[in-house]
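**Q** Before I ask anything, here is the structure I am working with.
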Amino acid sequence: MKPKYKRILLKLSGEALMGEGSYGISRPTIEAIVAEIAGVARLGVEIGVVIGGGNIFRGVAPGAAGMDRATADYMGMLATIMNALALQDAMRQAGLASRVQSALNVEQVVEPYIRGKAIRYLEEGKVVIFAAGTGNPFFTTDTAAALRASEMGAEIVLKATKVDGVYTSDPKKDPTAKRYSRVSFDEAIQRNLKVMDATALTLCRDQRLPVNVFSIFRTGALGRVVAGEDEGTLVHV
């Protein structure tokens, strides 16, 4: 398989790590995801990963009700660091070299985000896992993915979800829902297709950075996206 892209940014939601659970991390699920990533890395593709924290933070969210928004967002950022460490550990056991860089300084646990270092790691063939979002409250990890992809010079953002693309309506509720093979940024924004939040989508559009939404749970899907096959939904300029 010949990859279409040399450098990619993979956006993983925290919920993707839960498997069938309602919160937390499923080890078999994380190992399956790492196997998909390793397969693409072996093709020589340089991979950055931005990871969310919903699988951990939503488990404590009832206790965060009424909490100051910025405080809650910082708690979510800490959850992404926990997920990044779990992902790195699974990669190490799979023989895949990786580094975690955090937008929040927790230097006893992970190294801080330094753009030049991250680019060097990618060039060395290491997977770079970006934790703690942008390091700022009020911004989602989708926005962090768009930002890091732009900074790293990635050719595409791959948004891994539980659904195999973007649909005209919710496929779980509407059996007539159709999957978009391709859709423009402007159309996605106008139709409110919920590809990513508006800030992230606008940033990708302005940077002419395509986004492919696909299911991480379809075996081989990540490899097919990287090869440029019709997998998921491609959002383009």
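The values are calculated or read from the model by the stated rules, or taken from the named source; none is laboratory data. Keep in mind it's a predicted model, so treat the numbers as computed, not measured. Cβ atoms come from the backbone with ideal geometry, glycine included; neighbour counts cover every protein chain shown.
**Q** Looking for something among the polar types (S, T, N, Q), closer than 17 Å to Ile8 by Cα and buried (at least 19 other Cβ atoms within 10 Å of the Cβ) - is there at least one such residue anywhere in the range 84-106?
**A** Within the range 84-106 (the criterion being among the polar types (S, T, N, Q), closer than 17 Å to Ile8 by Cα and buried (at least 19 other Cβ atoms within 10 Å of the Cβ)), the answer is yes, since at least one residue qualifies.
**Q** Just for the range 171-219: of the residues that are buried (at least 18 other Cβ atoms within 10 Å of the Cβ), aliphatic (A, V, I, L, M) and over 16 Å from the mean Cα position of the chain (by Cα), which one is modelled with the highest pLDDT?
**A** Val183
**Q** Return the only residue of Ala188, Ala177, Ala145 being in contact with a strand residue (DSSP E or B) (Cβ under 6 Å, 6 or more places away or on another chain), small (Gly, Ala, Ser) and under 17 Å from Val40 (Cβ atoms).
**A** Values: Ala188 fails: under 17 Å from Val40 (Cβ atoms); Ala177 fails: under 17 Å from Val40 (Cβ atoms).
Only one candidate qualifies: Ala145.
**Q** Restricting attention to the range 107-138, report how many residues are modelled with pLDDT under 95 and closer than 24 Å to Asp68 by Cβ.
**A** 2
**Q** Further, regarding this structure: If I filter the range 110-144 down to residues being among the acidic types (Asp, Glu) and not in a loop (DSSP other than H, G, I, E, B), which single residue comes out as surrounded by the fewest Cβ atoms within 10 Å (Cβ to Cβ)? Walk me through it before giving the result.
**A** From the range 110-144, those among the acidic types (Asp, Glu) are 111, 123-124, 142; that's our starting set.
Okay, now just the ones that are also not in a loop (DSSP other than H, G, I, E, B), so 111, 123, 142.
Values: Glu111: 14, Glu123: 10, Asp142: 25.
Going through the qualifying residues, I end up with Glu123.
**Q** Right, something else. Return the residue satisfying two criteria in turn: it lies in the range 35-45 and is part of a helix (DSSP H, G or I) and of a type in the set (Gly, Ala, Ser), and of such residues it is surrounded by the most Cβ atoms within 10 Å (Cβ to Cβ).
**A** Just the residues of the range 35-45 that are part of a helix (DSSP H, G or I), to begin with: 35-41.
Remaining after also requiring of a type in the set (Gly, Ala, Ser): 35, 38-39, 41.
On the way: Ala35: 14, Ala38: 16, Gly39: 15, Ala41: 20.
This residue is Ala41.
**Q** For Thr168, state whether it is buried (at least 19 other Cβ atoms within 10 Å of the Cβ) and closer than 18 Å to Ala198 by Cα.
**A** Working: buried (at least 19 other Cβ atoms within 10 Å of the Cβ): no; closer than 18 Å to Ala198 by Cα: yes.
Considered against the rule, which asks whether it is buried (at least 19 other Cβ atoms within 10 Å of the Cβ) and closer than 18 Å to Ala198 by Cα, Thr168 comes out as no.
**Q** Of everything in the range 16-34, what is in a helix (DSSP H, G or I) and surrounded by fewer than 18 Cβ atoms within 10 Å (Cβ to Cβ)? Give them in sequence order.
**A** Narrowing the range 16-34 to residues in a helix (DSSP H, G or I): 16-17, 27-34.
Listed by number, the residues that qualify are Arg27, Pro28, Glu31, Ala32.
**Q** Follow-up. I want to confirm something. Restricting to the range 220-233 and keeping residues that are in contact with a Ser or Thr (Cβ under 7 Å, 6 or more places away or on another chain) and either surrounded by fewer than 22 Cβ atoms within 10 Å (Cβ to Cβ) or hydrophobic (A, V, I, L, M, F, W, C) (or both), which single residue is farthest from Arg42 (Cα to Cα)?
**A** That would be Asp230.
**Q** Would you say Glu107 is not small (Gly, Ala, Ser) and not in a helix (DSSP H, G or I)?
**A** Details: not small (Gly, Ala, Ser): yes; not in a helix (DSSP H, G or I): yes.
Here the answer is yes, as Glu107 does meet what is asked.
**Q** Exactly one of these conditions fails for Glu46: (1) under 25 Å from Asp197 (Cβ atoms); (2) of a type in the set (Asp, Glu); (3) at pLDDT 90 or above. Give me its number.
**A** So Glu46 meets the others, but not (1).
**Q** On to the next question. Determine the pairs where a residue that is part of a helix (DSSP H, G or I), located within the range 67-91, has a partner that is at pLDDT 90 or above and among the hydroxyl-bearing types (Ser, Thr, Tyr) with Cβ atoms under 6 Å apart, the partner being 6 or more residues away or on another chain.
**A** Listed pairs, sorted by first residue: Ile81/Ser102; Gln88/Ser98; Met91/Ser98.
**Q** Pairs please, first residue from the range 132-144 and over 19 Å from Leu158 (Cα atoms), second anywhere and assigned to a loop (DSSP other than H, G, I, E, B) and modelled with pLDDT of 95 or more, Cβ atoms under 7 Å, 6+ apart in sequence or on different chains.
**A** From residues that are over 19 Å from Leu158 (Cα atoms), the pairs are Gly135/Ala103; Gly135/Leu104.
**Q** Inside the range 180-237, can you point out the residues that are touching a residue at least 60 places away in the same chain (Cβ under 8 Å), closer than 24 Å to Lys6 by Cβ and in a helix (DSSP H, G or I)?
**A** Across the range 180-237, the qualifying residues are Ala200, Leu203, Ala221, Leu222, Gly223, Val225, Val226.
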